[in-house]
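Please read the structure below before turning to the comments.
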Amino acid sequence: MIANALPNAGTLDGDGHRLPLRVYYEDTDFSGVVYHASYLRFFERGRTEFIRALGIDQQALFREEGFSFAVRSLAIEFLRPARMDDILTVVTKVALLRGPTLRLDQSLLRGEEVLTTADVLVVCIREGRIARLPAALREAMTGVAGA
């Protein structure tokens, strides 16, 4: 399948990736406000679709070369609540590529309003050990502004 064949896969925009999404009932607490753990899922979708949009097949990286990724740290700041039926955009930008680590700046927007931000540090793992980021991923992300 082509990396960005699905309409909800988002788009590369020159300095990162933008993924539109809608808030569903399942994402909220009893009051219709997005539950705090749902933001982690939104940001994970943003990271996954960003890598996919760059033409990187994570399953193939694991199957053929043994590479996987783990979140080492994540700092999240909740500025304003998102609510059921909101149309949001997950923005993902590369902040740093170094050796085995990838630092991403992510934000969740409603229109132009920033609702939540996250600073995510991801490490590459191969055969149970920290490993240098795969060349294909480094090359693809180096072409994105901020890398």
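Rule-based calculations on the coordinates, nothing more; no lab input. All of these numbers come straight from a predicted model, not from anything done at the bench. Note that each Cβ is placed from the backbone with ideal geometry, even for glycine, and that neighbours are counted across all protein chains shown.
Here the 3J(HN,Hα) profile of segment 53-63, calculated from phi with Karplus coefficients 6.51, -1.76 and 1.60 at θ = phi - 60°, is 5, 6, x, 9, 9, 4, 5, 5, 4, 6, 4 Hz, Gly and Pro shown as x. Find which of V94, Y25, T11 sits farthest along the positive direction of the dipole of the chain, computed with +1 on the beta-carbon of Lys and Arg, -1 on that of Asp and Glu, about the Cα centre. Of the listed residues, the answer is V94. Sparse packing (at most 15 other Cβ atoms within 10 Å of the Cβ) combined with a DSSP loop state is found for the following trypsin sites (Lys or Arg not before Pro) in segment 50-133: R132. Karplus-derived 3J(HN,Hα) values for segment 127-141, using 6.51 cos²θ - 1.76 cosθ + 1.60 with θ = phi - 60°, are 6, x, 10, 5, 9, 4, 4, x, 4, 4, 5, 4, 5, 5, 7 Hz; glycine and proline are entered as x. Counted over all Cα-Cα pairs of the chain, pairs farther apart than 26 Å make up 25 percent. Using only side-chain charges placed at the Cβ, +1 for Lys and Arg and -1 for Asp and Glu, the dipole size of segment 11-142 relative to its Cα centre rounds to 440 debye.
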